1. Looking at the stretch B:156-168, can you tell me whether even one residue there is more than 27 Å from residue A:282 (Cβ to Cβ), crowded, with 21+ Cβ neighbours inside 10 Å and facing another protein chain (nearest Cβ under 7 Å)?
2. Taking the stretch A:47-64 on its own, how many of its residues are assigned to a loop (DSSP other than H, G, I, E, B), surrounded by fewer than 16 Cβ atoms within 10 Å (Cβ to Cβ) and modelled with pLDDT of 70 or more?
3. Right, residue A:247: facing chain B (nearest Cβ under 8 Å), part of a helix (DSSP H, G or I) and in contact (Cβ under 8 Å) with a residue 60 or more places away in the chain or not?
4. Pick from B:259, B:241, B:246: which is within 13 Å of chain A (Cβ to nearest Cβ) and closer than 21 Å to residue B:93 by Cβ?
5. Looking only at residues in the stretch A:131-141 that are touching a residue at least 12 places away in the same chain (Cβ under 8 Å) and part of a helix (DSSP H, G or I), which one is farthest from the chain's Cα centre (by Cα)?
6. Scan the stretch A:142-153 for residues that are within 13 Å of chain B (Cβ to nearest Cβ) and in a helix (DSSP H, G or I) and report the count.
7. Does residue B:277 meet the test of being outside any loop (DSSP other than H, G, I, E, B), surrounded by fewer than 22 Cβ atoms within 10 Å (Cβ to Cβ) and either within 13 Å of another protein chain (Cβ to nearest Cβ) or on the phi < 0 side of the Ramachandran plot (or both)?
8. Check A:92, A:84, A:104 and return the single one that is under 17 Å from residue A:170 (Cα atoms) and either within 14 Å of another protein chain (Cβ to nearest Cβ) or not in a helix (DSSP H, G or I) (or both).
């Protein structure tokens, strides 16, 4: 008996999954060690050179051509991906910590005061354009202020804006899980609060956490990209936003236009990474209550 | 009576929120004087300290009130009122057109997804909406600009405005559709809709008399529609910049960067007036459709 041939659709699907995992792995490596795949981005007198595997003038690769400063665009893009993704991951981690802390506290205690603060915070977040607040905060610092202080204040605004929505979602879930019989049984058997939370409550929060990550990480990417275009970016920081803004500034140059399209593709990829991972892991990164 | 009380409370909250925001914007921006820093960067002389907030703010309020709201102070390039007046039409056109089109298209699509294209509803809510929500708005605006210049490298102002509005509508539609759809699906499950259908009332009448008014009152669509203006302010800033249209957002950024607190405060005030008008209209509609607040209280 000959072995059964695998359906073509399934093979294609599996190949697709492996390709996406490989791309995610490469992105991860670019984020951790950005210079491992490309040359160091050095300034050369060869701006907007066309793409080539090896450029004799600058004596290194120029797979994506050179940028306005004559640097290998692949190298510039690698560094930009690394910078933007690191900021987005760091910010998302801070938001997640805040959301879990505030949401669990509110869900467990049902405090009226905290509930009112969260509700008004949620309304405030909807009513106040966060980019306008960021512009105002970023420009209020003097030029001599240390970059880390300016960047931290901007990150803090973003984190504060992201907490109320996620915290309400977590609080609601914690409240409903706390009312279940298995949590009551766990407490009746003398389990500590931490044990019950870790073993019985937290697994029910995973879908909400997935949704929060999938919506917060792109927000950090979008804000970095948008602010850089508006000329108000994180200080001493060269991320995807600056790469996009510089390519857009020379849009009528064919090479710059090509680099702009590549940068847009990379931004979309980075912003959609959480969604892609959720799809690959078959996790529902969507909360009905969040719409 | 309950409706009037609700409107009064809303008005009070709006006035406090607006006053706080304008004052905060004035305070933060008044601390910056980038021009002074630039002028004195090469010398040993320290830049002069910015004028005290309280004095400057009091003077601005006095000017605004004594001129009976016809003078909003001076900016580096002229009277604040004139600068905003010259830029407001384009921002208002972009904002209002994309807002109206975005919410109307969203309603149309949501109605379609709950009737004819029902199998696609879940796909929209679980796949399309989260992906569209994650895409940075600037990227979409730039993509629209890129496509436009492939067809016309020297587009007219009208074309740039039209394509800019289209890009904002495309950005808005997935989320507006998701919000309408969520509300419509909840209302369609209600007993009174099933009873109305069982009594043989035509589909159009059921939608017009029962479904849509209840969606408006109970699902929070109105609130979201008003607050989506905040998102449009950001989107409008990108459209104004990318399509080289010039608008209030550009003036606000310039004001914030150069310490022109009067200009920044006036732009903030303008934004809150639009927001307040929207909130009051939304509250008025809710009070008119549900005077006792029974629906809205039951669902919130």
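The values are calculated or read from the model by the stated rules, or taken from the named source; none is laboratory data. Computed from a predicted structure; not experimentally measured. In this analysis, Cβ positions are derived from the backbone assuming ideal geometry, glycine residues included, and neighbour counts consider all displayed protein chains.
1. Checked against the condition, which is being more than 27 Å from residue A:282 (Cβ to Cβ), crowded, with 21+ Cβ neighbours inside 10 Å and facing another protein chain (nearest Cβ under 7 Å), the stretch B:156-168 yields no hits at all.
2. Residues flagged as assigned to a loop (DSSP other than H, G, I, E, B), surrounded by fewer than 16 Cβ atoms within 10 Å (Cβ to Cβ) and modelled with pLDDT of 70 or more within the stretch A:47-64 amount to 1.
3. Answer is no for this residue.
4. Numbers: B:259 fails: closer than 21 Å to residue B:93 by Cβ; B:246 fails: within 13 Å of chain A (Cβ to nearest Cβ).
The unique qualifying residue is B:241.
5. A:139
6. 2
7. Yes; evaluated as a whole, the condition is true for this residue.
8. Within the list A:92, A:84, A:104, the selection yields A:92.
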